[in-house]
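Just below is one structure, and these are the notes that go with it.
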Amino acid sequence: MYLNINEKEQIQEEIKNLEKKSSAELVAVITKYSSSYRFEILVFSLLISTLISIVLLFTDTSTIKFFQIQVLTFFALYFCISNFKKILLLFLPKKYKYEKASINAKKEFYNLGIKDTKTKQGIMFYVSIEEKYVEIITDTGIKSKISDNYWQDIVNEFIKDVKNNQFSKGYKKAIKECSDTLIKNFPIQENDENELSNEVIEL
């Protein structure tokens, strides 16, 4: 769990309060990693084991022992990095990690059915913890009145809280920040239907 029960309930309450006044549909999504990074782990393990092998070439290591060390080193590295992906992320460029996180965010926007609301007013607040990444994705109904540029300042503030591991604070601030704009542009309708769950989704 990335959020405790109390934190989840507070976020859900913020969403519920907003949706009492606006027809927009908010969904809070949080994940530890946006990718398995299997390919990156493989490449990194191969690279390090190859470098170690190059060093061994200048020693008196026998061919069999050389091969054994090479294989063991690769598998040990692959196992360790797979279980401690934070190590790998330290070596990956920020832009690369953000691209991976953004691809996953857009995939989840579709997978979670946020794209399928009748009014096309779905909004996803996506947080990827280890990549320190935040993205707010909106459906076409929201985009028709609120440009993507509007959300960037909210995202920038949200990222600060994510970097400090204050995820709940980040969500609540972001929701409050956009509430007036959403209520103004998408006021609640008499026939409003809550199509998406208010519960925080942990992936």
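A compact table of results
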read-out: Where the chain is the region considered: accessible area per residue in Å², 1.4 Å probe; value: 58 Å²
read-out: 0 to 90° range, to nearest 10: angle between helix 63-83 axis and the chain longest Cα axis; value: 20 degrees
read-out: Whole-Å distance, taken between Cα centres, linking the range 135-202 and the range 22-88; value: 36 Å
read-out: Helix 94-111 axis, angle to the chain major axis (alpha carbon atoms, nearest 10°); value: 50 degrees
read-out: Cα-based reach from residue 107 at 17 Å (exclusive), listing aspartates and glutamates while leaving out same-chain residues under 8 positions away; value: 99, 116, 131, 135, 139, 202
read-out: Relative packing of peptides 176-182, 166-172 - highest average C-beta neighbours within 10 Å first; value: 166-172, 176-182
read-out: 15 Å beta-carbon shell around residue 40, net charge (K/R +1, D/E -1); value: +4
read-out: On Cα atoms only, tilt of 5-19 relative to the major axis of the chain in degrees; value: 40 degrees
read-out: Percent carbon-and-sulfur accessible area, the chain, ignoring ligands, DNA and RNA, probe 1.4 Å; value: 57 percent
read-out: Violating pairs (Cα-Cα greater than 26 angstrom) within the set 32/169; 118/160; 8/145; 32/143; value: 118/160; 8/145; 32/143
read-out: Assigned charges on the beta-carbon of Lys, Arg, Asp, Glu; the range 1-152 dipole about Cα centre (debye); value: 240 debye
read-out: Entry for Cα Rg over 2.2 N^0.38 Å (calculated from the structure that is shown) out of (1) 1.08; (2) 1.34; (3) 0.99; value: (2)
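The values are calculated or read from the model by the stated rules, or taken from the named source; none is laboratory data. None of the values given here were measured: they were computed from a predicted structure. FYI the Cβ positions are ideal-geometry reconstructions off the backbone, even for glycines, and counts take in every protein chain you see. For the accessible areas, the whole protein counts, side chains as well, though only heavy atoms, and no ligand, DNA or RNA atoms are used. Shrake-Rupley method; radii C 1.70, N 1.55, O 1.52, S 1.80 Å.
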